[in-house]
Amino acid sequence: MTGTDSLADLVWARGFTDSAWARRHTTAGRETMPSRRVWRGQGRPGDLPAAPSGALDDLGVTGSYGRALTLAELLAEAETDALLVLHRGRLVHERYLHGYEAHVPHFNASAAKSYLGLLAATLAHEGHLDRDARVATYVPELAGTAFGEAEVDHLLHMGTLMSYAGRPYDKALEAQRYFAVLAPRLRPHGYSGPATIREHLATARATGEPGTEFRYENGNVEALAEVLRRITGLSTSALMSEMIWSRIGAEEDAYYVVDADGAEAACGGFSATARDVARLGELVRCGGAVGDRQIVPEAVTALVAGVPDGYPRRRVRLPAAPPDSPATLSYHDLWWILNDPYGSFMASGIHGQRLFVSPALDLVVVHYASQVISPAVPQVPLAQAFLSIGLYLNG
């Protein structure tokens, strides 16, 4: 190893993490980085009416390697911190493990990308954001970069090809170097790279034509978040509060971690309780409405699971797809589309964070976890388990 390479770089690049490390970093973001709250607003929390469903703990599901397990056994293998299931708007199952509590926000990791996608799609629908515009039109400082020369729609579909600071692109290592931008405590020995998200984005240079290939990369989401800040004049936290969080009956404030400039880590720095993320999922399942109040345009939520022909929404197994995904998968407006008979889609984050919505099954599932990430540890097939839950609840 040379230059700034270190054992930490090797660990990051190969993804070796244990569950204790993961649990610290999925439940304690504010202890390692500064943060900004997403205000829940002044209203009373929305109801989550309970409806007993029977013993879901004993429900038979399929685990890794095709083994027959109960749901409780599968959650143990997944290092689950929380599982919450809504069926037809009613809370039918709620479990908290490893000392996690219902009122404590949990890191959502990359599931946060989908929430930002919902904001962007809404602003585009309302005419505030032009999907076909060059990103540099909104953020002139990004002119000449891989993101600035792309179109907004390319960001929403992970359609840029880039390398950072002249080094060959390596997805795993770049993801961890992004964390180093955010948190000085996570920087490897000798780190001398960017100290803010904007500085990081400025080092990205195109290595291919945008819109020709899917590449799952955090920079797309951070560039999109900067576009939204410019067109609204609001921070990402304030925008999320204004458009969604203060309007869904959230019980608790959420929060984003922020960098040294005070810019939110929009691609994965969001934390919230499982109950409140379930409310967000129910909003999308119900066509953007909470009761008789339309929060997000119905046309926006109707298109979440839509998979038009052509790049990058084609029905193929996409690189960097969540490891528990089905054989074919699509990607639309920063959501993963399962291409199943039930119109299911999900927000997905590392270490097992999921918001799973299945409209035809009337199902919303929130899963928080601290899964081990290692080539030696098979990933638990969560999406298939969620479908099993939905099919069981629908009889």
Taking the range 177-190 and keeping residues assigned to a loop (DSSP other than H, G, I, E, B), exposed (fewer than 14 other Cβ atoms within 10 Å of the Cβ) and out of contact with any Gly (no Cβ under 8 Å at 6 or more places or on another chain) leaves His189
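Considering only the range 37-54, how many residues are out of contact with any strand residue (DSSP E or B) (no Cβ under 6 Å at 6 or more places or on another chain) and open to solvent by less than 60 Å² (accessible area, probe 1.4 Å)? Working first, answer last.
Initially, the range 37-54 is screened for residues out of contact with any strand residue (DSSP E or B) (no Cβ under 6 Å at 6 or more places or on another chain), giving 39-47, 52, 54.
If we keep only those that are open to solvent by less than 60 Å² (accessible area, probe 1.4 Å) as well, we get 40-41, 43, 45-46, 54.
So the count comes out to 6.
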Taking the residues in the range 128-141 that are within 24 Å of the chain's Cα centre (by Cα) and hydrophobic (A, V, I, L, M, F, W, C) as candidates, determine which candidate is farthest from Asn220 (Cα to Cα). Leu129
Within the range 328-363, the residues that are of a type in the set (Asp, Glu) and either over 18 Å from Ala120 (Cβ atoms) or not in a loop (DSSP other than H, G, I, E, B) (or both) are Asp340, Asp362
Any chance Glu226 is open to solvent by 30 Å² or more (accessible area, probe 1.4 Å) and in contact with a helix residue (DSSP H, G or I) (Cβ under 9 Å, 6 or more places away or on another chain): no
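The values are calculated or read from the model by the stated rules, or taken from the named source; none is laboratory data. Since the model is a prediction, treat every value here as computed from it, not as a measurement. All Cβ positions, glycine included, derive from the backbone under ideal geometry; neighbour counts span all protein chains shown. Accessible surface is based on the protein model in full, side chains and every heavy atom, while ligands, DNA and RNA are left aside. Shrake-Rupley method; radii C 1.70, N 1.55, O 1.52, S 1.80 Å.
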